[in-house]
Every structure is written in C-alpha cells, then in structure tokens.
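Written below as structure tokens is the structure these notes are about.
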Amino acid sequence: MKIKLIVVAILLFFIPFSYGKSVVIVHKSLSLTLTSKDIRDLYILRKTSFSNDTIPHLYIPKDGIHRQNFIEKVLKMSEKNLQRKLVQMMFSGQGHAPIPKSPAEILSLVSVQENAIGIIDESLVTSQVKVLFSIE
C-alpha cells in the first residue's frame with residue numbers, strides 16, 4: 001500500500017499542470033489593428049491613446065499565470081519592473097495604470113466598453129469580444 005501511494009505521488013509530481021492559453025481581448029466592435037508592440041506601449045504607458053485618439057481602458061488579471069505570461073512575454077519585463085514603471089509614470093502625470101480585475105470582471109468590462117483591452121484565459125472568450133492574439 002505504501003508503495004502505491006509513493007508511485008502515485010511521484011506520478012502526480014511529474015504530470016505538468018495545464019493552463020489554457022492567455023489571450024489579449026478587445027470589444028468585438030473595435031476596428032483598429034493592434035500589434036503586441038502597440039499593446040505593450042499602451043500597458044507601460046508609452047502611448048496613452050489609440051491611433052484614433054480614444055483613450056483605452058486597460059485591464060490586467062489581479063494575479064495568476066495569465067498575468068505572469070502577459071508581463072513576461074508581451075511587456076517583456078518582471079512584475080517588479082512593471083510596478084516601478086507604472087508608479088513612475090503615474091506620479092509624473094503621464095497616464096493611468098492598468099486596472100487589476102478578476103478574469104470574469106475583465107470579460108464583462110471588455111464586453112461592454114468599446115475601447116477596453118484585457119487579458120484572460122482563452123476558454124473564457126465569448127462572441128462579445130474579439131481576440132487580438134494569443135500569448136505563447
């Protein structure tokens with residue numbers, strides 16, 4: 001019996017946990033083309049508006065793998081560096097930081113705000129939003 005428990009514990013240790021892909025979403029009616037560089041510039045406040053001069057509402061997961069993927073792979077920085085950059089930009093009056101929300105809140109807000117951007121799990125995508133790109 002002990003051997004079976006040990007074998008099960010070892011197998012569970014080596015089975016990777018799977019997460020869905022992280023995706024960047026916008027309202028389904030947004031007609032602008034945005035690249036990952038555009039998204040990066042908006043989230044780190046290098047840009048404060050879309051090319052049509054509308055100001056986006058930026059949402060980011062409060063925590064978890066999707067937040068981590070976005071920060072590391074799209075923003076290309078660490079959590080600590082992102083926080084430092086956002087504080088610096090906000091105190092200089094150059095913009096507003098992305099708002100941390102739960103995935104369900106992000107989906108709900110992006111579904112109703114035409115100029116909103118968010119990051120969620122691919123499995124949560126509905127017909128009310130459009131996927132800009134997946135985060136690999």
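All of the numbers you see were taken from the coordinates with simple rules; none came from a lab. Since the structure is predicted, the reported quantities are computational estimates derived from the model, not experimental observations. Note that each Cβ is placed from the backbone with ideal geometry, even for glycine, and that neighbours are counted across all protein chains shown.
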What ranking, highest mean first, results for peptides 25-31, 92-98 when packing means the other Cβ atoms within 10 Å averaged over each residue? 25-31, 92-98
Please report the antiparallel percentage of the DSSP beta bridges confined to the chain, to the nearest 5. 70
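Counting Lys and Arg as +1 and Asp and Glu as -1, what is the net charge of the other residues whose Cβ lies under 11 Å from the Cβ of Lys37? Display every interim value, and only then the final one.
On the way: positive: Arg40, Arg46, Lys47, Lys76; negative: Asp38, Asp41.
Around Lys37, the charge tally is +2.
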Using +1 at the Cβ of each Lys and Arg and -1 at the Cβ of each Asp and Glu in the chain, identify which of Gln113, Pro98, Thr126 lies farthest towards the dipole's positive end. Pro98
Contact order normalised by length for the chain, with contacts defined as Cα pairs under 8 Å and 6 or more residues apart; what percent is it? 44
Given only helices, namely DSSP H runs of n ≥ 4 each adding -39500 (n - 2.57), what is the per-residue ellipticity at 222 nm of the chain, to the nearest 500 deg cm²/dmol? -10500 deg cm²/dmol
Just to confirm a number: summing +1 for Lys and Arg and -1 for Asp and Glu over residues other than Glu136 whose beta-carbon lies under 10 angstrom from that of Glu136, what do you get? +2
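Can you give the charge dipole size of segment 20-135 about its Cα centre, rounded to the nearest 20 debye, using +1 on the beta carbon of Lys and Arg and -1 on the beta carbon of Asp and Glu?
Details: 15 positive and 10 negative charges, 70 e Å.
So the dipole magnitude of segment 20-135 works out to roughly 340 debye.
To make sure I understand, if each residue's beta carbon is the centre and we count other beta carbons within 10 Å, what order do Val23, Val110, Val125, Val87 fall in, fewest to most? Could you put the intermediate results ahead of the total?
Values: Val23 22, Val110 27, Val125 16, Val87 11.
Listed from fewest to most nearby Cβ atoms, that is Val87, Val125, Val23, Val110.
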To test your reading of the geometry: what angle, between 0 and 90 degrees and rounded to tens, separates the Cα axis of helix 79-91 from the longest principal axis of the chain? 20
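Considering only the other residues whose Cβ falls under 13 Å of the Cβ of Ser78, what net charge follows from Lys and Arg at +1 and Asp and Glu at -1?
On the way: positive: Arg67, Lys73, Lys76, Lys80, Arg84, Lys85; negative: Glu72, Glu79.
It works out to a net charge of +4.
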Where the eigenvalues come from the Cα gyration tensor of the chain, what are the semi-axes √(5λ) of the equivalent ellipsoid, largest first, in whole Å? 33, 19, 12
Cα-based helix-to-principal-axis angle, 2-14 vs the chain, degrees rounded to 10: 20
